[in-house]
Amino acid sequence: MNIDSIKITDIQLHKLKIPLIEPFTISLGTMYDAENVIVIILTNEGITGWGECSPFMSINGESADTALVVGQYLKKILLGENPLEIEQRVKEMDAVIYANNSIKSAFDMALYDIASQHAGVPLYQYLGGKKNKTIFTDYTVSVGDAAKMADDALIIKEKGFPVIKVKLGKGGSSDVERVKAIRNKVGLEIPIRIDANQGWDKDEAIATLKALQPYNIQHCEEPISRHDFMQLPEIKQHSPIPIMSDESCCDPHDVKRLINLEACDLINIKLGKSGGIFKALKMIRMAEEANIKIQIGAFLESRLAMTTFAHLALCSDNIIHYDFDTALMFSKDPVIGGIVYEENGMIEVPEEKGIGAQIIAGFIS
Ligand SMILES: [Mg+2]
């Protein structure tokens with residue numbers, strides 16, 4: 001096949017709305033549904049690329065509706081272009097409109113799906129990855145009443161998930177009580193990771209993290225407002241618990257800043273923040289050089305995007321944590337193919353060419 005001959009002939013944008021089994025609550029608000037956008041890129045060679053994003057209004061300033069509108073601008077400049085020249089396509093999308101990383105990530109994902117299908121390999125191989133580790137997801141406890149959180153955590157442990165993620169950030173002293181209640185229920189052995197989603201201020205963060213020291217916490221995501229990242233080094237110095245940057249770590253510029261400041265021990269990479277795989281790979285290489293460990297995380301994507309994240313997770317030994325549980329919170333699974341979740345959160349990445357997952361017709365409008 002001649003590389004020059006492949007062209008984008010059409011791009012379709014669809015909304016995908018799926019109710020969650022139960023509401024998902026973090027310090028920034030409660031979600032009842034996943035409201036995502038699916039991007040389908042068609043080519044003259046019969047290869048079709050699938051992409052998905054889950055715009056998170058309070059984190060990336062996009063909704064499914066804005067993503068559908070901005071997606072039309074991106075569609076206009078990509079039509080007729082070569083889908084295999086991904087760097088060039090990403091530059092063109094950035095030239096058309098600043099930010100809007102969520103919808104850009106769905107386009108980027110579909111381009112990588114095409115490129116890896118065209119190369120005849122699964123996406124993880126196209127990205128230089130290997131199946132040299134076991135991928136498993138944590139499962140997340142919504143923030144709320146301490147006793148209910150403890151009951152939810154016990155169910156997660158009994159299902160066999162190897163890690164429990166706990167949403168906090170509703171007030172330092174009540175958050176300590178929440179973790180205490182959970183540890184009383186699940187014991188001290190199973191790893192717990194926590195996420196304050198920017199809910200504390202600096203002094204509260206330091207005091208809370210110190211108070212949580214006895215509870216065997218793996219790491220803490222985004223303790224304070226993303227705008228106050230200059231205060232992260234001080235928190236990191238005083239915290240007995242490793243600090244992971246999430247909302248303050250969207251793209252390669254943020255990684256550079258955080259490394260220079262020595263602001264965090266780990267970073268959380270999400271394609272919906274980075275604008276897709278192309279920039280996420282840059283972030284991964286920067287973190288490798290600075291010896292910073294990585295979690296690959298998600299918003300409320302279905303198994304389509306989650307499969308892409310799992311492929312990406314295989315492309316660096318520095319990626320050691322996986323937060324891929326939201327697809328398990330869907331009341332219906334709209335995806336055919338893709339990753340398979342074991343009951344205990346273990347994930348099998350598909351060997352089909354490309355991402356290896358698609359949305360079932362009828363779920364998208
Ligand atoms: Mg987070």
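Quick notes
- Look at region 211-227: where a residue is within 13 Å of L188 (Cβ to Cβ) and a partner is in a loop (DSSP other than H, G, I, E, B) and not hydrophobic (A, V, I, L, M, F, W, C), sitting 6+ places away or on another chain with Cβ atoms under 7 Å, you get Q213/P240; Q218/P191.
- Of all the residues in region 160-177, those that are part of a helix (DSSP H, G or I) and buried (at least 17 other Cβ atoms within 10 Å of the Cβ) number 3.
- When each of G199, G187 is tested for being farther than 20 Å from E262 by Cα, touching a Ser or Thr at 6+ places or on another chain (Cβ under 6 Å) and in the same structural domain as N344 (by TED's automatic domain parsing), the lone residue that passes is G199.
- Odd one out for T137, checked against (1) within 16 Å of the ligand (Cβ to nearest atom); (2) hydroxyl-bearing (S, T, Y); (3) farther than 28 Å from R285 by Cβ: (3)
- Exclusive hit being touching a His at 6+ places or on another chain (Cβ under 9 Å) and under 22 Å from S54 (Cα atoms), set M306, M283, M244: M244
- Within region 28-54, restricting attention to residues that are over 30 Å from K353 (Cα atoms) and in contact with a strand residue (DSSP E or B) (Cβ under 7 Å, 6 or more places away or on another chain), the residue that is surrounded by the fewest Cβ atoms within 10 Å (Cβ to Cβ) is Y32.
- Of all residues in region 157-176, exactly one satisfies the criterion of being under 10 Å from Y139 (Cα atoms), in contact with a helix residue (DSSP H, G or I) (Cβ under 8 Å, 6 or more places away or on another chain) and more than 16 Å from the ligand (Cβ to nearest atom), namely K157.
- For region 21-33, taking the residues that are of a type outside the set (V, I, T) and touching a helix residue (DSSP H, G or I) at 6+ places or on another chain (Cβ under 7 Å), the one that is farthest from R226 (Cα to Cα) is identified as F24.
- Members of region 256-274 that are more than 22 Å from V166 (Cβ to Cβ) and either out of contact with any Ser or Thr (no Cβ under 9 Å at 6 or more places or on another chain) or more than 16 Å from the ligand (Cβ to nearest atom) (or both): K256, R257, I259, N260, L261, E262
Results for (1) within 16 Å of the ligand (Cβ to nearest atom); (2) touching a strand residue (DSSP E or B) at 6+ places or on another chain (Cβ under 8 Å); (3) closer than 27 Å to Y322 by Cβ, shown as yes or no for each residue.
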{"site": "R178", "(1), (2), (3)": "no, yes, yes"}
{"site": "L188", "(1), (2), (3)": "no, no, yes"}
{"site": "W200", "(1), (2), (3)": "yes, yes, yes"}
{"site": "P214", "(1), (2), (3)": "no, no, yes"}
{"site": "S225", "(1), (2), (3)": "yes, no, yes"}
{"site": "Q237", "(1), (2), (3)": "no, no, no"}
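- Filter result for S245 (crowded, with 24+ Cβ neighbours inside 10 Å, within 16 Å of the ligand (Cβ to nearest atom) and over 25 Å from I18 (Cβ atoms)): yes
- Conditions (1) surrounded by fewer than 20 Cβ atoms within 10 Å (Cβ to Cβ); (2) among the small types (G, A, S); (3) farther than 22 Å from S248 by Cβ; (4) in contact (Cβ under 8 Å) with a residue 12 or more places away in the chain; number of the one not met by G71: (1)
- Per the listing T308, T326, the residue uniquely in contact (Cβ under 8 Å) with a residue 40 or more places away in the chain, within 16 Å of the ligand (Cβ to nearest atom) and either within 11 Å of the chain's Cα centre (by Cα) or over 20 Å from K130 (Cα atoms) (or both) is T326.
- Residues located in region 301-337, provided they are of a type outside the set (D, E, K, R), touching a Ser or Thr at 6+ places or on another chain (Cβ under 7 Å) and either within 18 Å of T30 (Cα to Cα) or in a strand (DSSP E or B) (or both): Y322, A327, F330, V335
- Selection of first residues in region 233-246 that are in the same structural domain as I194 (by TED's automatic domain parsing) and more than 14 Å from K202 (Cα to Cα) and of second residues that are among the acidic types (D, E) and within 16 Å of the ligand (Cβ to nearest atom), restricted to Cβ pairs under 6 Å at least 6 apart or on distinct chains, gives the following pairs, ordered by first then second residue: P242/D265; M244/E221; D246/E221; D246/E222.
- Test: residue in region 49-58 that is more than 19 Å from S274 (Cα to Cα) and either more than 20 Å from the chain's Cα centre (by Cα) or among the hydrophobic types (A, V, I, L, M, F, W, C) (or both): no
The values are calculated or read from the model by the stated rules, or taken from the named source; none is laboratory data. Bear in mind the structure is a predicted one, so any value in this text is a computation, not a measurement. Every residue, glycine as well, gets a Cβ built from its backbone with ideal geometry; the counts of neighbours run over all protein chains shown.
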